[in-house]
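Visitor: If you scroll down you'll find the structure; I have some questions about it.
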2 protein chains.
Amino acid sequence: MESAIPAYLETMRTRHKRVPDDYEPPYPSFVARYKPAVSRVVMAYFGVQYRGETPLAVLTEIAGLLAGEDGPSHWDRAHYVDQSGYETIVTVAYWGDVARFDAWFAPAREAWTGKARDGIGTFIEVLRPTVARHETLFSSPDRPEGVAVIAEGMSGEVQEHAYWGGMRDRIPLSQTDAMAPGGAPELIRDGARLRVTAHDNLCLIRSGQDWSDTESSERKLYLDDVEPVLREGMDFLRDDGLGIGCYANRYMHVLAADGSASEKSYGQSWWKSLAALERWAESHPTHVKIFGAAMKYLSTLGPSAKLRLYHEVTVAAADEQFFEYRNCHPKTGMLAAVETVSA
Amino acid sequence: MESAIPAYLETMRTRHKRVPDDYEPPYPSFVARYKPAVSRVVMAYFGVQYRGETPLAVLTEIAGLLAGEDGPSHWDRAHYVDQSGYETIVTVAYWGDVARFDAWFAPAREAWTGKARDGIGTFIEVLRPTVARHETLFSSPDRPEGVAVIAEGMSGEVQEHAYWGGMRDRIPLSQTDAMAPGGAPELIRDGARLRVTAHDNLCLIRSGQDWSDTESSERKLYLDDVEPVLREGMDFLRDDGLGIGCYANRYMHVLAADGSASEKSYGQSWWKSLAALERWAESHPTHVKIFGAAMKYLSTLGPSAKLRLYHEVTVAAADEQFFEYRNCHPKTGMLAAVETVSA
């Protein structure tokens, strides 16, 4: 067993882990391991918002930008219908070299949010955290998703999971910092572009499930008993999350390379703080139901379960964030956090 | 809102609370407040183990002892049938003045475990923790139970509750100490008396429910939907708790003054550590089910719920404990923790 915090990010603690040193998790989990030379990762969400026909040309455009020089090491794409009935396709790109991202970003940004598109909104949401402000968790070590695809590999079994507080304990910065939020989101109007500056220690989670390997009764159990409860929780966060510190939530269906729906999904949400995310996960009725359904599923199936689960969580400093929206409705992403200011 | 830790027990922290200073619990809870002069409390469990007829004379005997000089400020009584089919009635007494307990205890102990009783076992389980090693929690401030009856009164609404880790954060010692367990329980044979010396930071919880004020549909919901799930969890701890650090568990039905069953119950259990209790409460399927049932109950009823909930938790130093059993079967109380040594 190893710590989720790699040895080179261990520091003299001023804050304790939530579990004793002899804690043994009841089942295995794994984390992404970057090369020690990777000091930051970049996760960039490029959204297109529309009604009706899928704007294939726009999707081709961003794919072309991502394929250019200094483009990301990996990207994937997902679809959802938001609370206002708009369809959204988000192309999510990951870099392990922030200098390459910086070289790539300025012209790509101009191309993506610098021009008007008839009936189509575009947005960019970027975090570029130091690795000390970021953690991942995987139920299996053999199929990375999201940011983990750009990692060097997976850890062995880690200690800090399967208890409330494990998420925080896996973030290296938690050794010395409570990661309290500082300030409030503000809107900046730049012509047709709307930018949001959020605040210190804004939190992002991408939490995914992959049921492509499940068969017969396990598949039925996931689709009939777990997915509807998960959807209900995702809907709550999307529609009523603001009151508990969730600025925005998207329950996304991952798209295959040909644009068809795959058998993977993820929830992606922006939070005022890691603490707010912890409180929802630990005690809100909607997540208690999700947790209960997942527990029942996993205890029914035991180690034979073929469902794959993962997440990635970042607590970003104020200067590690970028949010820009063009021609999007006012409840899109982080715009929802500043709507009253904007009104 | 106030801290569960009274001002006179606040110390310079070396360990952090699990929630930020601006945390606001979603519903009110209260804790017992002792007079600052109370440095220790004593909680003493006097058990009688039998089959068949209730040994009224023995119960009268302990009641007589408790009524003597320097007797407890409060006592109550409860009944259960244990895993070996023995009936047990435990008379639980509380002192707020350890000098009075000390003056009272020696002859009472002689009377209770110093003599043979035909077909009847007796036992004594005592903790005498400093108040810094102890916490309580009540859903309503107007009906103290257990140790809280000897307190001066109840707090106002406290901050440290309704999140995992609140129990630990309410114990004043948690400001500076991880309360890790040290050592293993050992058996001491003293003629017919069997004593157990446990170890540093042994943990005791008494966790109770009072449905006497519930009516019609609320009563039905508690008895049909919550109680069976609670019972299942209590049975798990009783029968299979050892593997997760629960030495012993009793799911007790409180007896009214006339010996009849009241509409109150509590679970009382001995744990290797506070951490082991935390792990069970937070992630074991049996308690996740209890938590889920309670959440559903409380969210269905809202503030109109008449069910009362409370608990008291102690993490005792090695020299604050006393366990003695006479003519009890080998799985009684803390004997279960040393059974293999005794065999």
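The values are calculated or read from the model by the stated rules, or taken from the named source; none is laboratory data. Only a predicted model underlies this, so the values are computations on that prediction, with no experimental measurement involved. In this analysis, Cβ positions are derived from the backbone assuming ideal geometry, glycine residues included, and neighbour counts consider all displayed protein chains. Just so you know, the surface numbers come from the protein's heavy atoms only, side chains and all, with ligands and any DNA or RNA stripped out. Shrake-Rupley method; radii C 1.70, N 1.55, O 1.52, S 1.80 Å.
Visitor: Among the residues of region A:246-253, are any more than 23 Å from A:Gly183 (Cα to Cα), outside any helix (DSSP H, G or I), at pLDDT 95 or above and of a type in the set (D, E, K, R)?
Guide: yes
Visitor: Here's something else I'd like to know. From the list B:Gly165, B:Gly182, B:Gly233, which one is within 14 Å of another protein chain (Cβ to nearest Cβ), in contact with a His (Cβ under 6 Å, 6 or more places away or on another chain) and modelled with pLDDT of 95 or more?
Guide: Result of the check over B:Gly165, B:Gly182, B:Gly233: B:Gly233.
Visitor: Among the residues of region B:279-293, count how many are more than 8 Å from chain A (Cβ to nearest Cβ) and out of contact with any strand residue (DSSP E or B) (no Cβ under 8 Å at 6 or more places or on another chain).
Guide: Summing the residues that are more than 8 Å from chain A (Cβ to nearest Cβ) and out of contact with any strand residue (DSSP E or B) (no Cβ under 8 Å at 6 or more places or on another chain) in region B:279-293 gives 6.
Visitor: Something else: Take the residues of region A:1-17 that are in contact (Cβ under 8 Å) with a residue 40 or more places away in the chain and within 10 Å of another protein chain (Cβ to nearest Cβ): which is farthest from B:Trp164 (Cα to Cα)?
Guide: Here the residue is A:Thr14.
For (1) touching a Leu at 6+ places or on another chain (Cβ under 6 Å); (2) within 14 Å of chain B (Cβ to nearest Cβ); (3) closer than 17 Å to A:His161 by Cα; (4) not in a loop (DSSP other than H, G, I, E, B), each residue gets a yes or a no:
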site: A:Val19; (1), (2), (3), (4): no, yes, yes, no
site: A:Glu24; (1), (2), (3), (4): no, yes, yes, no
site: A:Met43; (1), (2), (3), (4): yes, no, no, yes
site: A:Thr54; (1), (2), (3), (4): no, no, no, no
site: A:Val58; (1), (2), (3), (4): no, no, no, yes
site: A:Gly64; (1), (2), (3), (4): no, no, no, yes
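Visitor: If I filter region A:141-157 down to residues being over 21 Å from A:Ser39 (Cβ atoms) and over 18 Å from the mean Cα position of the chain (by Cα), which single residue comes out as farthest from the other protein chains (Cβ to nearest Cβ)?
Guide: A:Asp142
Visitor: With the condition kept exactly as written, say whether any residue in region A:118-127 is out of contact with any strand residue (DSSP E or B) (no Cβ under 7 Å at 6 or more places or on another chain), among the hydroxyl-bearing types (Ser, Thr, Tyr) and crowded, with 18+ Cβ neighbours inside 10 Å.
Guide: Taking every residue of region A:118-127 in turn, none turns out to be out of contact with any strand residue (DSSP E or B) (no Cβ under 7 Å at 6 or more places or on another chain), among the hydroxyl-bearing types (Ser, Thr, Tyr) and crowded, with 18+ Cβ neighbours inside 10 Å.
Visitor: Exactly one of these conditions fails for A:Val31: (1) in the same structural domain as A:Ser139 (by TED's automatic domain parsing); (2) over 25 Å from the mean Cα position of the chain (by Cα). Give me its number.
Guide: Evaluating A:Val31 over (1) in the same structural domain as A:Ser139 (by TED's automatic domain parsing); (2) over 25 Å from the mean Cα position of the chain (by Cα) leaves (2) as the failure.
Visitor: For residues that are open to solvent by less than 50 Å² (accessible area, probe 1.4 Å) and of a type outside the set (A, V, I, L, M, F, W, C), scanning just region A:214-230, find the one that is nearest to A:Glu145 (Cα to Cα).
Guide: Here the residue is A:Thr214.
Visitor: Please determine, by comparing only the residues of region A:131-177 that are open to solvent by 40 Å² or more (accessible area, probe 1.4 Å) and not in a loop (DSSP other than H, G, I, E, B), which one is farthest from A:Glu320 (Cα to Cα).
Guide: A:Met154
Visitor: Which residues, taken from region A:76-98, are over 13 Å from the mean Cα position of the chain (by Cα) and in a strand (DSSP E or B)?
Guide: Hits for region A:76-98 are A:His79, A:Tyr80, A:Val81, A:Glu87, A:Thr88, A:Ile89, A:Trp95.
Visitor: Take the residues in region A:310-321 that are among the hydrophobic types (A, V, I, L, M, F, W, C) and buried (at least 18 other Cβ atoms within 10 Å of the Cβ); name whichever of them is farthest from A:Thr197 (Cα to Cα).
Guide: A:Val313
Visitor: Considering A:Lys272, A:Lys306, A:Lys264, which residue is among the charged types (D, E, K, R), surrounded by 19 or more Cβ atoms within 10 Å (Cβ to Cβ) and away from chain B (no Cβ under 14 Å)?
Guide: Among A:Lys272, A:Lys306, A:Lys264, only A:Lys264 is among the charged types (D, E, K, R), surrounded by 19 or more Cβ atoms within 10 Å (Cβ to Cβ) and away from chain B (no Cβ under 14 Å).
Visitor: Then there is this: Please indicate, with yes or no, whether at least one residue in region B:84-94 is more than 17 Å from B:Ala111 (Cβ to Cβ), free of Cβ contacts under 8 Å to residues at least 12 places away in the same chain and open to solvent by 30 Å² or more (accessible area, probe 1.4 Å).
Guide: no
Visitor: Let me ask you something else. Do we have B:Gly233 as open to solvent by 50 Å² or more (accessible area, probe 1.4 Å) and either within 26 Å of B:Glu135 (Cα to Cα) or part of a loop (DSSP other than H, G, I, E, B) (or both) here?
Guide: The answer is no for B:Gly233.
Visitor: Scan region B:275-284 for residues that are in contact with a Lys or Arg (Cβ under 8 Å, 6 or more places away or on another chain) and either open to solvent by 30 Å² or more (accessible area, probe 1.4 Å) or over 28 Å from A:His284 (Cα atoms) (or both) and jot them down.
Guide: none
Visitor: Taking region A:236-257 as the search range and keeping residues that are small (Gly, Ala, Ser) and free of Cβ contacts under 8 Å to residues at least 12 places away in the same chain, which one is surrounded by the fewest Cβ atoms within 10 Å (Cβ to Cβ)?
Guide: A:Gly243
Visitor: While we're on this one: Are any residues in region B:264-284 within 14 Å of B:Leu230 (Cβ to Cβ) and either part of a helix (DSSP H, G or I) or at pLDDT 95 or above (or both), and if so, which ones?
Guide: B:Lys264, B:Ser265, B:Tyr266, B:Gly267, B:Gln268, B:Ser269, B:Trp280, B:Ala281
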